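**Student:** Sending over a structure as structure tokens; questions will come in a sec.
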Amino acid sequence: MTAWEAIRLASELTPDVILMDVTMPNCDGVEACRQVIESGTGSRIVMLTMHADQEVLADAIRAGAAGYLTKDCSTREIAEAVRMAAEGDTVPVPTTGAPMLDEVRRLDAPLDMHSEGERVVSKREEEVLQLIADGCSTPEVASQLYISQKTVKNHLAPIYQKLDARDRTQAVLQAVRMGIVSLS
């Protein structure tokens, strides 16, 4: 499959998780990852590569990848990475890359992510975040917003990415710091 086909299929099928090779025809997987993320499908991407290259890792994380695996990992590790990405978690990077992941995110984080007139999260994502900050569970959020639990979970993945959070607690804390939500 070419990178262009992957981008097209991601847009058409909007999968929860995409396992994408770094080396692809037409353009590399990192650029394909960037385009899928920017398309707003909400798909989470786990990059797969033959080499644990720090520069490629940094580029993949900057492009929005939820994780990065080398092809020598086990089937169990791939399955776990896909499961974690589907749940909105950040997939642990191989030990050589873990410190780099944090450093790339820290250095690339905008200083003011919530300036006036510029939305970091959509209005619906803000509503989901506020209800979570108020202590609501996924079923309670779904009930109050008249949406399915699956839809709530689909809102959480881009929220985590936009706020550079790996779970609900981090997302709420970051949202409070940025003035997106308030604690009651």
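**Student:** Can you report the number of residues in the range 60-76 which are free of Cβ contacts under 8 Å to residues at least 60 places away in the same chain and either buried (at least 20 other Cβ atoms within 10 Å of the Cβ) or within 12 Å of the chain's Cα centre (by Cα) (or both)?
**Tutor:** Within the range 60-76, residues that are free of Cβ contacts under 8 Å to residues at least 60 places away in the same chain and either buried (at least 20 other Cβ atoms within 10 Å of the Cβ) or within 12 Å of the chain's Cα centre (by Cα) (or both) number 8.
**Student:** Return yes or no: is A142 among the hydrophobic types (A, V, I, L, M, F, W, C) and either modelled with pLDDT of 85 or more or surrounded by 13 or more Cβ atoms within 10 Å (Cβ to Cβ) (or both)?
**Tutor:** Judged against the criteria, A142 is a match.
**Student:** Let me ask something else. Does E87 satisfy the criteria of being modelled with pLDDT under 90 and touching a Leu at 6+ places or on another chain (Cβ under 8 Å)?
**Tutor:** No; evaluated as a whole, the condition is false for this residue.
**Student:** Report the residue count in the range 14-57 for those that are without any contact (Cβ under 8 Å) to a residue 24 or more places away in the chain and either among the aliphatic types (A, V, I, L, M) or in contact with a Gly (Cβ under 6 Å, 6 or more places away or on another chain) (or both).
**Tutor:** Adding up the residues that qualify gives 1.
**Student:** I need a count of the residues in the range 162-175 that are free of Cβ contacts under 8 Å to residues at least 12 places away in the same chain, more than 14 Å from D89 (Cα to Cα) and either surrounded by 18 or more Cβ atoms within 10 Å (Cβ to Cβ) or not hydrophobic (A, V, I, L, M, F, W, C) (or both).
**Tutor:** Total satisfying the criteria: 1.
**Student:** It is to be established whether one or more residues within the range 105-125 are at pLDDT 85 or above, part of a helix (DSSP H, G or I) and buried (at least 16 other Cβ atoms within 10 Å of the Cβ).
**Tutor:** Yes, some residue in the range 105-125 is at pLDDT 85 or above, part of a helix (DSSP H, G or I) and buried (at least 16 other Cβ atoms within 10 Å of the Cβ).
**Student:** Please find, within the range 36-75, the residue that is farthest from M24 (Cα to Cα) out of those that are touching a strand residue (DSSP E or B) at 6+ places or on another chain (Cβ under 7 Å) and either outside the structural domain of T90 (by TED's automatic domain parsing) or hydroxyl-bearing (S, T, Y) (or both).
**Tutor:** S43
**Student:** Also, quick follow-up: In the range 1-69, which helices (runs of 4 or more DSSP H) lie fully inside it and hold 2 or more residues that are on the phi < 0 side of the Ramachandran plot, modelled with pLDDT of 85 or more and in contact with a helix residue (DSSP H, G or I) (Cβ under 6 Å, 6 or more places away or on another chain)?
**Tutor:** 3-13, 29-38
**Student:** Something else about it: Hey, among the residues in the range 34-51 that are in contact with an Asp or Glu (Cβ under 9 Å, 6 or more places away or on another chain) and among the hydrophobic types (A, V, I, L, M, F, W, C), which one's farthest from E77 (Cα to Cα)?
**Tutor:** M50
**Student:** Here are I132, I159: which of them is in contact (Cβ under 8 Å) with a residue 12 or more places away in the chain, surrounded by 17 or more Cβ atoms within 10 Å (Cβ to Cβ), in a helix (DSSP H, G or I) and over 16 Å from the mean Cα position of the chain (by Cα)?
**Tutor:** Selected residue: I132, the only one of I132, I159 that is in contact (Cβ under 8 Å) with a residue 12 or more places away in the chain, surrounded by 17 or more Cβ atoms within 10 Å (Cβ to Cβ), in a helix (DSSP H, G or I) and over 16 Å from the mean Cα position of the chain (by Cα).
The values are calculated or read from the model by the stated rules, or taken from the named source; none is laboratory data. Computed from a predicted model, the values in this text were never measured in an experiment. For neighbour counting, all protein chains shown are included, and Cβ atoms are generated from backbone atoms with ideal geometry for every residue, glycine included.
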